[in-house]
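Structure record follows, encoded as structure tokens.
The values are calculated or read from the model by the stated rules, or taken from the named source; none is laboratory data. Just so we're clear, the structure is a prediction, and the values are computed from it rather than from any experiment. So basically every Cβ, Gly included, is an ideal-geometry build from the backbone, and we count neighbours across all protein chains shown.
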Amino acid sequence: MDFELTEEQLLVAKSARDFAKNEFYAAIRQYENNGDIDKIVIKKMGELGFLGICIPHEYCGQNLDYISLGLVCIEFEKIDTSIRFALTVHLALNSLTILKWGTEEQKRKYLVPQVKGEKTAAFAMAEPNAGSDIENIQTRAELESDYYILNGEKTWITLADVADNFLIFAKTNDKKSNNISAFIVERGFPGVVTNTIGGKLGIRAGNTGSISLQDVKVPRENLLGKEGDGLKIAMSALDNGLYTIACGSVGMIENCLETSIKYANERETFGKKIGKHQLVQQMIAKMAAARDIGRLLIYNIGWLKNKSRTNSRETFLAKWINCKSAFESANDTLQILGAYGYNNEFNIERHFRNARSALIYGLTHEMHTLIQAEYALGYRKE
């Protein structure tokens, strides 16, 4: 097991770093005010290959490994969570799921244009009364001849008011326990209505909204996998999504650490640099440890994914640990910067708001705690 990065991986990281700084950072406040990333940014992500970083060449992807995907997430989130979140939803939750479960026709029709950035994709599982509890979803899909008729409501969907294609989960047979199925739904299908959710504390530059499905006719060939495969499909998508979230959190930690070190070496109080104060050193030491632990966790998952080995436990663990560390790092950095950290003159105010949300989305911090306990006790298997 060798975690030394290759020249190719380092080049990918640099490319992602340059793109995020040059194409996104200057406009971040405008995007936050607008509550949305410009679709041109997502299109450029496709043109530069980020939306197909680990998609095979035959579907216009870069055919790179999962550690490369993780490095892109790190660099994106150093700038802002919303740009990493767009990659998580579009690539990890949607495109990689179609790659694994889709027919050849579905891959050609939906995956290829998504990889190119010609179409934007979203993942719609959560509902008003069913967040992490996927088995309690109320959206229904009734088969009528060559179409499934979908009715229901999805909420807290990233890119809801932006995406062209949605991966939507619905119940197809109330009489069976494995009654959840997945469907590829286009925005243009009659009966699909989306709305933006405003007033968010964080990730303001990323669109979040609801999807209303009113007698939406979805062609039978848009069923992903088989009827009843929805839960398996959702869990496989979650493995990829949580991996990118855990990777992004490392980027957040690194940004906080770099900001804290720079400020601690410049700011003076009581006749010395604040970096000389032991309690400031304690906070910085904790961030440095979190950075190194976080990288080891995600490199291990990337290695497992590259070997096509099961990685659910490791992925849940990394999301649980890294997201908590990212929030604590943002909180400590704000404390080190004092009043300046509380003002948007520095980026930490935005990172602090963004980091808090990661303890909720992608399964709550409390759920991840219970999951790790279940693995340790032998109640949960891969």
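Would you please list the contacts, defined by Cβ atoms under 9 Å and residues six or more apart or on different chains, that run from a residue in region 116-129 that is under 15 Å from Val41 (Cβ atoms) and in contact (Cβ under 8 Å) with a residue 60 or more places away in the chain to a residue that is surrounded by 22 or more Cβ atoms within 10 Å (Cβ to Cβ) and of a type in the set (S, T, N, Q)?
Thr120/Gln114; Thr120/Asn165
Show the residue pairs meeting these rules: Cβ distance below 6 Å; 6+ apart or different chains; first residue within region 16-38 and in contact (Cβ under 8 Å) with a residue 40 or more places away in the chain and over 14 Å from Asn207 (Cβ atoms); second residue part of a helix (DSSP H, G or I) and hydrophobic (A, V, I, L, M, F, W, C).
Listed pairs, sorted by first residue: Ala16/Val72; Ala20/Phe76; Ala20/Ile79; Phe24/Ile79; Phe24/Ile83; Tyr25/Ile79.
Does Glu345 meet the test of being in contact with a helix residue (DSSP H, G or I) (Cβ under 9 Å, 6 or more places away or on another chain) and either more than 12 Å from Lys324 (Cβ to Cβ) or in the same structural domain as Gly131 (by TED's automatic domain parsing) (or both)?
no
Of everything in region 181-206, what is touching a Leu at 6+ places or on another chain (Cβ under 9 Å) and either acidic (Asp, Glu) or over 22 Å from Leu111 (Cβ atoms) (or both)? Give them in sequence order.
The answer is Gly191, Val193, Gly206.
Out of the residues in region 22-47 that are out of contact with any Ser or Thr (no Cβ under 8 Å at 6 or more places or on another chain) and among the basic types (Lys, Arg), state the one that is surrounded by the fewest Cβ atoms within 10 Å (Cβ to Cβ).
Looking at residues that are out of contact with any Ser or Thr (no Cβ under 8 Å at 6 or more places or on another chain) and among the basic types (Lys, Arg), I get Arg29.
Only residues that are of a type in the set (Lys, Arg) and buried (at least 20 other Cβ atoms within 10 Å of the Cβ): list them for region 201-244, please.
Arg204
Which residues, counting only those in region 81-123, are touching a Cys at 6+ places or on another chain (Cβ under 8 Å) and among the polar types (S, T, N, Q)?
Within region 81-123, just Thr88 meets the criteria.
Within the set of pairs 6+ apart or on separate chains, which have a first residue in region 356-382 that is more than 30 Å from Leu201 (Cα to Cα), a second that is in a loop (DSSP other than H, G, I, E, B), and C-beta atoms under 6 Å apart?
Glu374/Arg380; Glu382/Thr310
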